[in-house]
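So the structure is just underneath, and the comments pick up after that.
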Amino acid sequence: MRAERRAALMPYVTAGYPSPAACRDALRLAERAGADFLEVGVPFSDPLADGPTIQRSTQAALDQGMTVAGVLDLVREARLDVPVVIMTYLNPVLAFGVERFVAAAQAAGASGLLLTDLPAGADPALERRAAAGGLALIRLIAPTTPDSRLAEAVRGATGFIYLISRLGVTGVREQVPPDLERQVARVKAATPLPVAIGFGIGSAAQAAAAARVADGVIVGSALVEALGNGGLASAERLLAELVTAVRSAAEQRS
Amino acid sequence: MRRAEAGAVTVTTDLGRFGPYGGRYVPETLMAALDELARVYEAATADPAFAAELEALLKDYVGRPTPLSDVPRLSAQVGAGVRVVLKREDLNHTGAHKINNTLGQALLARRMGKRRIIAETGAGQHGVATATVCARFGLDCVVYMGEEDMRRQRLNVYRMELMGARVVPVSSGTRTLKDATNEALRDWVTNVTTTHYIIGSVVGPDPFPRIVRDFQAVIGREAREQVLQRFGRLPRTVVACVGGGSNALGIFTAFLGDREVELVGVEAAGEGLEGRHAASLARGRPGVFHGSLSYLLQDEDGQVQPAHSVSAGLDYPGVGPEHAYLKDAGRVLYEAVTDRQALDAFAGLSRLEGILPALESAHAVAWVLAHPGRWSAGDVVLINLSGRGDKDVALVADLTGVRT
């Protein structure tokens, strides 16, 4: 994503939402529309970092019988060329078996893993096991992460850094935080890895603002909402707007 | 680690582990706040002024020490010459042990300069205890409570509101304690720089399990001294109910080193262990939930299973990580009793002794009543009566077909 000097667009979908087939179609659609990476959420019964939109989507997916194995099948069947990051909470991965999950995710075509409730350093042995299989273990950095911890958290990180743009749970907000550029600079001072921004980015204008300062832009709740309310047609419109916004932002980058 | 050693039963390392259990499995956003809380707690425990203030409040505001009550008519049903005694946490201000913890944590919040307090509640006892200390210290208070629990515990909702707290109904998931905890954590992730989360049990990410245990340990320190004074010997058995497990660790901790004292934690078997229940230790397996690794009711796929108990305070699919450790170490025996047994014990203790226990505490009483002949004459059986049953009267009347 650096060669073109533009930010990468990483749409997020909850696996199995609004239905397994529609979700698979949405992944393909997102790739065709110009997504650079895709994030696929494994539904968990107690998503404590997620706002109402993603909570509803994960519950709906579980109600339709989505399982961890089902998510991996879905990723495999989507046959995507762009890299896929699996995003979830720790417990479904523990229940599946960490090594078994990493191997199965790679076999299904995933290249990264993001565990919302496994912060850097919280369980070094488990982190080593999760990172040993060759999936990039994506680390999250928050506005509340102190500089001392930031240095420790990015050590040994792979893939990219996921910068949580604001305090709070996932979900669309009115505006991007005014200090976004400073936050990105703070992370970049600590690591050469690309920095992607997520949490609260839903509109084309917000995506453009994020794309001007970061290497990647993650859009989750807005896309999940579009899929839930207007199906693939709504998702396609939103994705087209987001792609245009991220690409036009590149022209304004220094 | 099969046999727990005296004085070394509870191992807390920098990572907040009890053996393999515990830890800090939380969103990155909360890590700094947990570090701060651990630091402030450490400083507070080293400060004699902190202990002095807490002790004065426990004495003059809460009413400690709580009495130890003989229950001769109940004892007679358990065995000739057996002495069952109750540690009367129900006689604390607000009617349960929960205030021991909320007072301590309110003092910590003040040290951190945080003026907004959030809490989760199941039966409402922790919510009431939190609302109470917030009123006492002039702190803003928001309590998350499942809609289902609000229906079961209407009186407690009103008590919280009378003391100035805002009670936020939680309609996601099972609408009980687990979802109220999710919602409180979501609030904390959003407002972490201004807000302290007073978690109500020995659950959650480190340092909460050890902080809550330490604030509740006053129960066992008092009870051990009271039993020794009255009987000149230690109890044969100490019994407490276990949901998250704070009243149990509160009374067990002082006895962990007394290897001749049997410790029994009683979980909620609900409709029976083959049906819907809340017995995480009996029927769960280790998993990560609400920030720590412990026994958890979950399906094959790692999805958390809804718990069931007639008592809202035990209706939780997880359990404190130190209990997981004590189970594996064999130091505490974990058992379970059904809704039916608890309701019978509720009625029994009321009729025999004039004490209405909380439905949670009734589980501990029920386990003792279910084991007549287990003890010999002269044995002292200590039950932690963690709360009073006033809050449950309407529910029990409903369940037993009495019209109120």
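The values are calculated or read from the model by the stated rules, or taken from the named source; none is laboratory data. Please read these numbers as outputs of a predicted model, since none were measured by experiment. Don't worry about glycine lacking a Cβ; one is built from the backbone with ideal geometry, like all the others, and counts go over all protein chains shown.
Candidates A:36, A:46, A:81: the one that is acidic (Asp, Glu) and either within 14 Å of another protein chain (Cβ to nearest Cβ) or in contact with a Pro (Cβ under 6 Å, 6 or more places away or on another chain) (or both) is A:46. Inspect the range B:159-180 for any residue being in a loop (DSSP other than H, G, I, E, B), surrounded by 23 or more Cβ atoms within 10 Å (Cβ to Cβ), out of contact with any Pro (no Cβ under 7 Å at 6 or more places or on another chain) and within 14 Å of chain A (Cβ to nearest Cβ) and give the result as yes or no. Scanning the range B:159-180, I find at least one residue that is in a loop (DSSP other than H, G, I, E, B), surrounded by 23 or more Cβ atoms within 10 Å (Cβ to Cβ), out of contact with any Pro (no Cβ under 7 Å at 6 or more places or on another chain) and within 14 Å of chain A (Cβ to nearest Cβ), so the answer is yes.
Here the condition is being within 15 Å of the chain's Cα centre (by Cα) and closer than 23 Å to residue A:59 by Cα; of A:228, A:220, it holds for A:220 alone. Scanning the range B:304-351 for residues that are over 26 Å from residue B:70 (Cβ atoms), touching a helix residue (DSSP H, G or I) at 6+ places or on another chain (Cβ under 6 Å) and of a type in the set (A, V, I, L, M, F, W, C) turns up B:310, B:312, B:314, B:319, B:336.
Checking residue A:67 against (1) more than 9 Å from chain B (Cβ to nearest Cβ); (2) β-branched (Val, Ile, Thr); (3) surrounded by fewer than 22 Cβ atoms within 10 Å (Cβ to Cβ); (4) under 30 Å from residue B:306 (Cβ atoms), only one condition comes out false. Which one? With respect to (1) more than 9 Å from chain B (Cβ to nearest Cβ); (2) β-branched (Val, Ile, Thr); (3) surrounded by fewer than 22 Cβ atoms within 10 Å (Cβ to Cβ); (4) under 30 Å from residue B:306 (Cβ atoms), residue A:67 is out only on (1).
Can you name the residue in the range B:181-193 that is among the hydrophobic types (A, V, I, L, M, F, W, C) and facing another protein chain (nearest Cβ under 7 Å) and is also surrounded by the most Cβ atoms within 10 Å (Cβ to Cβ) among such residues? It comes out as B:185. Within the range A:132-156, the set of residues being closer than 20 Å to residue A:101 by Cβ and buried (at least 20 other Cβ atoms within 10 Å of the Cβ) comprises A:135, A:137, A:138, A:139, A:140. Take the conditions (1) within 14 Å of another protein chain (Cβ to nearest Cβ); (2) buried (at least 19 other Cβ atoms within 10 Å of the Cβ); (3) farther than 30 Å from residue A:103 by Cβ; residue A:176 misses just one of them, which is (1). Number of residues in the range B:53-112 that are buried (at least 21 other Cβ atoms within 10 Å of the Cβ), of a type in the set (Gly, Ala, Ser) and farther than 20 Å from residue B:385 by Cα: the value is 3. Figure legend. Inter-residue proximity from the range B:306-333: first residues surrounded by fewer than 24 Cβ atoms within 10 Å (Cβ to Cβ), second residues part of a helix (DSSP H, G or I), beta-carbon distance below 7 Å, spacing 6+ or different chains. Indicated pairs: B:327/B:281. Residue B:215 falls short on exactly one of the conditions (1) away from chain A (no Cβ under 12 Å); (2) within 19 Å of residue B:129 (Cβ to Cβ); (3) free of Cβ contacts under 8 Å to residues at least 60 places away in the same chain, and that condition is (3). From the list B:259, B:340, B:285, pick out the single residue that is within 14 Å of chain A (Cβ to nearest Cβ), surrounded by fewer than 18 Cβ atoms within 10 Å (Cβ to Cβ) and at negative phi. Just a single option satisfies the conditions, and that option is B:285.
Between B:203, B:238, the distinction of being in contact with a helix residue (DSSP H, G or I) (Cβ under 9 Å, 6 or more places away or on another chain), crowded, with 21+ Cβ neighbours inside 10 Å and away from chain A (no Cβ under 14 Å) belongs to B:238 only. Assuming residue B:116 fulfils every condition listed in (1) modelled with pLDDT under 95; (2) surrounded by fewer than 24 Cβ atoms within 10 Å (Cβ to Cβ); (3) within 14 Å of chain A (Cβ to nearest Cβ) apart from one, which condition is it? Only one criterion is unmet by residue B:116, namely (1).
What about residue A:24, is it under 24 Å from residue A:103 (Cβ atoms), basic (Lys, Arg) and modelled with pLDDT of 95 or more? Yes; evaluated as a whole, the condition is true for this residue.
Looking for whichever is part of a loop (DSSP other than H, G, I, E, B) and at pLDDT 95 or above here; the options are B:127, B:204. Which one fits? Every option except B:204 fails the conditions.
Take residue A:108 and decide whether it is touching a helix residue (DSSP H, G or I) at 6+ places or on another chain (Cβ under 6 Å) and surrounded by fewer than 23 Cβ atoms within 10 Å (Cβ to Cβ). For residue A:108, the condition - touching a helix residue (DSSP H, G or I) at 6+ places or on another chain (Cβ under 6 Å) and surrounded by fewer than 23 Cβ atoms within 10 Å (Cβ to Cβ) - is met.
Every condition in (1) part of a strand (DSSP E or B); (2) surrounded by fewer than 24 Cβ atoms within 10 Å (Cβ to Cβ); (3) away from chain A (no Cβ under 14 Å) is met by residue B:229 except one, and the failing one is (1).
Those strands (runs of 3 or more DSSP E) of the range B:239-350 in which 1 or more residues are basic (Lys, Arg) and more than 22 Å from residue B:213 (Cα to Cα) occupy B:285-289.
Among the strands (runs of 3 or more DSSP E) confined to the range A:61-157, the ones with at least 2 residues that are more than 21 Å from residue A:20 (Cβ to Cβ) and not hydroxyl-bearing (Ser, Thr, Tyr) are located at A:110-115, A:139-141. Could you grab me the full set of residues in the range A:109-154 that are over 30 Å from residue A:80 (Cα atoms), more than 9 Å from every other protein chain (Cβ to nearest Cβ) and in contact (Cβ under 8 Å) with a residue 12 or more places away in the chain? Matches in the range A:109-154: A:147, A:150, A:151, A:152.
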